[in-house]
Amino acid sequence: MTLLTAAYVMLFRMPFVEAIATTKVINVFSSFVATLVFIKQGIVDYNLGIILGISMFIGGIIGGGITLKLSNVWLQRIYLTVVAILAFMTLRKSQGHNHSTTSTS
């Protein structure tokens, strides 16, 4: 949902904290629907899901608290840094994948 957060900031001029919070509401519904689909297919590991769910709940409380304490400028800096790192890693991974699939014969 990183692109959705960026769209809220750029198109609707939302502060980062409001854009993040709005995106999280959408995440809840999309995750719920995906979970139902996976449950219907019988491919959910409930034990692992409970452990990860509890961990994510705790992380969400901590992360939400930290987010509310940070200024919009710091949220923007963190957001842009993470997006840049992820873009670099994705590009590097795709370049490595392209080189390994080319034939040298």
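The values are calculated or read from the model by the stated rules, or taken from the named source; none is laboratory data. Only a predicted model underlies this, so the values are computations on that prediction, with no experimental measurement involved. No Cβ is skipped: glycine too gets one built from the backbone with ideal geometry, and neighbour counts run over all protein chains shown.
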From the options Gly64, Gly59, residue that is in contact with a Lys or Arg (Cβ under 9 Å, 6 or more places away or on another chain), free of Cβ contacts under 8 Å to residues at least 12 places away in the same chain, within 22 Å of Ala21 (Cβ to Cβ) and not β-branched (Val, Ile, Thr)
Gly64
Which condition number does Ser55 fail, the rest of (1) surrounded by fewer than 10 Cβ atoms within 10 Å (Cβ to Cβ); (2) modelled with pLDDT of 95 or more; (3) of a type in the set (Ser, Thr, Tyr) being met?
(1)
State which residue pairs qualify: first residue farther than 14 Å from Thr2 by Cα and inside the stretch 85-96, second residue in a helix (DSSP H, G or I) and of a type outside the set (D, E, K, R) in any location, beta carbons under 8 Å apart, and separation of 6 or more residues or different chains.
none
So if I check each of Leu80, Leu48, which one is surrounded by 11 or more Cβ atoms within 10 Å (Cβ to Cβ), of a type outside the set (Val, Ile, Thr) and without any contact (Cβ under 8 Å) to a residue 24 or more places away in the chain?
Leu80
Residues that are surrounded by 10 or more Cβ atoms within 10 Å (Cβ to Cβ) and either in contact with a Phe, Trp or Tyr (Cβ under 8 Å, 6 or more places away or on another chain) or modelled with pLDDT under 95 (or both): does the stretch 38-45 have at least one?
yes
